[in-house]
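Data block below; observations after.
Just so it is clear, none of the values below were taken in a lab; they were calculated from the coordinates. Values in this document were obtained by computation on a predicted structure and should not be read as measured data. Neighbour counts run over all protein chains shown; Cβ positions are idealised from the backbone, glycine included.
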Amino acid sequence: MNISRIDSSLTINFLTQAQENLYLERKRAKVSLQDLANEIASFANANGGILVVGITDDGLIEGFNQYGLKKLNDCQKVVSGYLNPTPIYECELINIKNFKNIDDNILLFHIEPAMNYIVRNNKDEVFLRQGDSSIKLTSEQIRSLEYDRKERDFETEILYDSTINDIDMDMVEFYKKKLGTKLSSEDVLKARGFLREKQDEWHLTKAGMLLFGKNPSVYLPSARVRVLKFEGKENFK
């Protein structure tokens, strides 16, 4: 049964049983606010994802009751106190039965990727989601990420005239096989920043159109594929 008003794919079974990965992390409600903020930043600095607070790593619905209402409220406000700039996210309060079958709550953080900026914590540290972990970056890694984000400005611009109908789903299926993911086509495109929502409608970004559009030249007439031919018979490795 779906429990989220934001993402219809999120069920109790998924949140408790799915393996933690690049897009999903579970945290106990007793997590420190600093660690919680770092986790949110790490998703924003990568490809976005879902952070569940109130469920243990092994899927036990612990909830917030035993930690008090203040802890629940503090967790909901953690972004404003610990992160800069503020990532695009939604914090969803879910009413649920805990493992003792008592009414309780968990939090779902729906985090969007920060496409052209880097989210830092209140200590000016940068965390990045890699696999199923959040990694603190070195100064050199931060510089590399800064460079990468500046290069993505063009790619992340939204093509507001585009719709889901412009997507070549065969290409998306090929892409999913390469990734080895079982997520839906739309979820993969959303997670990678190729499909973005504005005013309750989904549109392709320029990168999404170039990679997965049925007819990219309609939206990006200057886009070209350049083929170079070299004279000679020598093989190059």
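Computed values, structure above
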quantity: Close pairs (8 angstrom Cβ cut-off, 6 or more residues apart or separate chains): closer than 18 Å to N98 by Cα in segment 13-26, assigned to a loop (DSSP other than H, G, I, E, B) and of a type in the set (V, I, T) anywhere; calculated: L15/I3; R26/T56
quantity: Residue pairs meeting the criteria (Cβ under 8 Å; at least 6 apart or on separate chains; first exposed (fewer than 13 other Cβ atoms within 10 Å of the Cβ), in segment 81-107; second basic (K, R)); calculated: D103/K97
quantity: Checklist (1) out of contact with any Ser or Thr (no Cβ under 8 Å at 6 or more places or on another chain); (2) part of a strand (DSSP E or B); (3) more than 25 Å from T205 (Cα to Cα); (4) β-branched (V, I, T) applied to I94, failing item; calculated: (1)
quantity: Single residue of segment 102-159 satisfying the filter (more than 17 Å from the chain's Cα centre (by Cα) and among the hydroxyl-bearing types (S, T, Y)) that is nearest to I55 (Cα to Cα); calculated: T138
quantity: Answer from A207, A223 - the residue that is over 20 Å from Q130 (Cα atoms), of a type outside the set (V, I, T), touching a residue at least 12 places away in the same chain (Cβ under 8 Å) and assigned to a loop (DSSP other than H, G, I, E, B); calculated: A223
quantity: Residue, nearest to D200 (Cα to Cα), within segment 146-162, restricted to residues that are touching a strand residue (DSSP E or B) at 6+ places or on another chain (Cβ under 7 Å) and of a type outside the set (G, A, S); calculated: Y160
